1. Taking 0.36 nm per intervening residue step and subtracting the Cα-Cα distance, what contour gain separates residue 172 from residue 92 on full extension?
2. Counting alpha carbon pairs within less than 8 Å and at least 6 residues apart, what relative contact order, in whole percent, applies to the chain?
3. So what's the Cα pair-distance distribution over the chain, bin width 10 Å, in %?
4. With viscosity set to 1.306 mPa s and temperature to 10 °C, compute the Stokes-Einstein D of segment 39-143, Rh being the Kirkwood radius across alpha carbon pairs; µm²/s, no decimals.
5. Residue 15 versus residue 213, label points 7 Å from Cα toward the beta carbon: distance in nm?
6. Taking a virtual spin label 7 Å from the Cα of residue 80 along the C-beta vector, which residues in segment 41-68 bring their backbone nitrogen under 16 Å of it?
7. Using the crude model of +1 on Lys and Arg Cβ and -1 on Asp and Glu Cβ, and no other charge, please compute the dipole size for segment 33-184 relative to its Cα centre, in debye to 20.
8. How large is ³J(HN,Hα), in whole Hz, for each residue of segment 144-152 in order, when computed from phi with the Karplus curve 6.51 cos²θ - 1.76 cosθ + 1.60 and θ = phi - 60°, using x for Gly and Pro?
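The numbers here are math on the coordinates, done by the rules we state, and not lab data. This one's a predicted model, so the numbers in the text were calculated from it and none came from an experiment. Positions of Cβ are generated from backbone atoms using ideal geometry, with glycine treated the same way; all protein chains shown enter the neighbour counts.
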Amino acid sequence: MDGVVNLGSENQPNLEEIAALKPDVIIGSKTRHEAIYSQLSGIAPTVMTEEVHIWKESLALTAQALNKQDEETAFLQRWEHEVAEFKEKMGDKLNLEVGILDFRADHARIVHTGFSALVLDELGIARPTEQQGEDWGVKLVSKENIPQMDADILFDQTSTSRDDGRLDLRKEWTEHPLWKNLRAVQTQRVYEVDTAVWNNGSGPLAAEQMLIDLKEIYELE
């Protein structure tokens, strides 16, 4: 990413680096940046969405802030066409239940909400009833809970770039006999996906890339 300035983490942005860029406007989210709103707004006019992962709200706010509503409308029209086309090609495959996993250093997660779940739901892809809800998901701290992960297909959005033990934990869990009993494992339908897209992306380009990934996974093209 030549020419891109590292502004720190999304939870702890580097205010000095942001100020040095002399931005015309700053776009953030309340879940990440509400505590530093006054500091950000002291640098440039600042607008914030409620949640990071609700990408259409972020897109609308960004389009309004940058006076790009025409581009927003064009993108959404194209997106809606692509979604409809995907559903038509999927047919009965939409009924295959999918689960979203995310391994961390000391636990495993079944994801209920978030960006990837939002996109999958819009695409009409089924998910197990017990793996849905308003909460972000559940933490599993014992391998005895592995059966809760059961689904026809599993998408694993674990970050592979962090050397904090999460990959060791994933290896340990996926070698357990209970893991081998999961439907997706038995049918070889566990897919590792890019967390930068499926988890951290939370925007229109990431949604499009998810759709590309899914077309490949489901062999639609």
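1. This chain segment gains 25.4 nm when fully extended.
2. Relative contact order of the chain: 18 percent.
3. 7, 28, 32, 22, 9, 1
4. 97
5. 3.4
6. Answer for segment 41-68: 56-57, 60.
7. Numbers: 17 positive and 29 negative charges, 85 e Å.
The dipole of segment 33-184 has a size of about 400 debye.
8. 5, 8, 3, x, 5, 7, 4, 6, 5
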